[in-house]
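Data first, discussion second: the structure below is written as structure tokens.
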Amino acid sequence: MSLRCDQTPQWPQLQAAFSADGSRLDLREAFASDAQRFGHFSQHAPEVFADLSKNLWDAATETLLLDMARACGLTQHRDAMFGGQPINSTEGRAVLHTLLRRPRGLALPGDGPDIAQKLDQVHTTLDAVLAYADTVRADGAITDVVNIGIGGSDLGPHMAVLALDQFRAPGKRLHFVSNVDGHELHTTLRTLKPESTLFLIASKTFTTAETMTNARSALAWFAAQGGQDVGRHFAALTTNVDAAQALGITTTFGFWDWVGGRYSLWSAIGLPIAIAIGSEGFRDLLAGAHAMDEHFRTAPLAQNLPVRLGLLDIWYRNFHGFTSRCIAPYHAALRRLPAYLQQLEMESNGKRVGLDGQPLPYATSPVLWGEPGTNGQHAFFQMLHQGTDVLPLELIAVRQPTHPLEGHHNKLLANALAQAQALMVGKEGEDGHRHFPGNRPSTFLLLDALTPASLGALIALQEHRVFVSGSLWGINSFDQWGVELGKVLAKDLEARLESGDVAGLDGSTAGLLGLLRSAA
Ligand code: F6P
């Protein structure tokens, strides 16, 4: 039987451990008294090395957390996900993004009855998507590819295309338009010609207001500019092929309702990535993610990186009470990673009720935020070092640069090391202003090189770590009902902006609506 984390015997033991020693743990003393600390809290996983040793925990705490994970049935829940059981309970859906990167024909113990058939569909579609991507790459007449999508239909592909810019085909520019704010589409269209542009309309549901509005405007622009052949210049990436065809888009690539939007970059939604880096590169991305899937699925919990990270997240959120985690990629190409991780973690685990729909008595998702280093150092790192809140930092560094400029990379890596070191060791100051208290936690993730495979593994690592904390919290990490109310109200207010009708509105909304109308 599986338990919610606060119902396990380990929960009160962890509370007691935190009150007794955990809250007083001093990282400097911990390293001084244990020469093995770095080794003990290091973890090799496919493509990713993690140093977890500069975190405010000890071996006894981690053992309790691991026992709690066992009591919560984490492994059973994980296997249920891989096997295709409908663990997205509020929507009655399986959660099978891992299938999108599973090699053709690979059967796993615990597979549900229809997994083999789904895997076949995955590979048939993948072959078609990648053949199309390679055709577009070879088509010299297409110079610009515009992805129109939002949320999971934008953040993952956009982040990955930037991250893998070194692998991008020369002669292809990729643009991402997500916002309903017409400035974004308008600014992009100004640089384009219909005969050399391919629009990808990316939407799982093909109902999202922003994407539908932008898609219609792009179609109208194409026609107005004398564009010929929508079939060649527009493609839809969606589970709702009928809706795409109803809009006049005949070139379509499908996927399935068991792929969550924020987990969809491995599906047809990844087409812009495949156009950028080619079919081989995309297969490498999938292979890197699959290697991490296998690590998560088979490594003992105590040497399982997504598990260790997810448990650390719970320790920080529920026992230390830390409210956020700062992400600092020390690689400029990873600049959209914080935004991507925000959706992954906060849309997955930003939930206030358990699986039974009842309010939970403990905190769930932290706030995620961040910017690449070293830029963040000259902005908000002041607060990390000397602010009143302790906020765990996650640094992501890459050992090998891909540029030839001398001196830069060692400076970058030295800064990453220095920040983690400074946060931990601190410094006695001659006065309060110059004093660094130290003992501030950080996690250091290291890739050997930023490649399709290592990026795939890094993303899958983050997906699974979010699964681990969500699983122990006993929430459904795979729905997102919280985004619905605003969508409904925006529809109502759009009509009221036209009509001026403020009947039934609260005073503030009515007042603002009046101001917006008078400014129009
Ligand atoms: O509004 C939230 C959301 O549903 C996300 O979960 C999703 O990634 C995004 O909107 C876009 O949805 P779609 O791909 O269906 O357009």
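The values are calculated or read from the model by the stated rules, or taken from the named source; none is laboratory data. As the structure is a prediction and not an experimental result, all values here were calculated from the model. Quick reminder, even Gly has a Cβ in these numbers, built from the backbone with ideal geometry, and neighbours come from all protein chains shown. Each accessible area value is taken on the protein alone, full model and side chains, heavy atoms only, with ligands, DNA and RNA left out. Shrake-Rupley method; radii C 1.70, N 1.55, O 1.52, S 1.80 Å.
So what's the net charge close to Gly350: Lys and Arg +1, Asp and Glu -1, counting the other residues with Cβ under 13 Å from its Cβ? Don't skip to the end; give the middle numbers.
Values: positive: Arg262, Arg317, Lys351, Arg352; negative: Glu345, Glu347, Asp479.
Local charge sum for Gly350: +1.
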Expressed as an acute angle from 0 to 90° and rounded to the nearest 10, what is the orientation of the C-alpha long axis of helix 74-83 relative to the principal long axis of the chain? 20
Which percent of the accessible heavy-atom area of region 97-276 goes to carbon and sulfur, probe 1.4 angstrom? 53
Among the listed pairs Lys118/Lys172; Lys193/Lys487; Lys204/Lys491; Lys204/Lys351, which have their C-alpha atoms separated by more than 31 angstrom in this model? Lys118/Lys172; Lys193/Lys487
Calculated from DSSP H runs of 4 or more alone, at -39500 (n - 2.57) each and per residue, what is the 222 nm mean residue ellipticity of the chain, nearest 500? -14000 deg cm²/dmol
Based on the mean of other Cβ atoms within 10 Å per residue, sort peptides 376-383, 287-294 so the most packed one is first. 287-294, 376-383
Heads up, region 137-253 by the C-alpha gyration tensor (a ≥ b ≥ c square roots of eigenvalues; a/c under 1.5 rounded, else a/b over b/c prolate, else oblate) looks rounded
For helix 209-224, what angle does its Cα long axis make with the longest principal axis of the chain, in degrees from 0 to 90 and rounded to 10? 40
With the convex hull built on the alpha-carbon atoms of region 221-334, volume per residue in Å³ sits at 195
Ranking Thr443, Thr124, Thr75 from most to least accessible area with a 1.4 Å probe gives Thr124, Thr75, Thr443
Report, to the nearest 10°, how far helix 59-71 tilts away from the longest principal axis of the Cα atoms in the chain, using its own Cα long axis and a range of 0 to 90°. 50
When Lys and Arg each count +1 and Asp and Glu each count -1, what net charge do the other residues less than 14 Å away from Ala169, Cβ to Cβ, add up to? -1
What figure, in Å² to the nearest 10, do you get for the accessible area of Leu417 with a 1.4 Å probe and non-protein molecules left out? 110
How many angstrom lie between the C-alpha centres of region 247-299 and region 58-76? 31
Quick one: what are the phi-derived ³J(HN,Hα) couplings along region 416-421, Karplus 6.51/-1.76/1.60 with θ = phi - 60°, whole Hz, x for glycine and proline? 4, 4, 5, 5, 5, 5
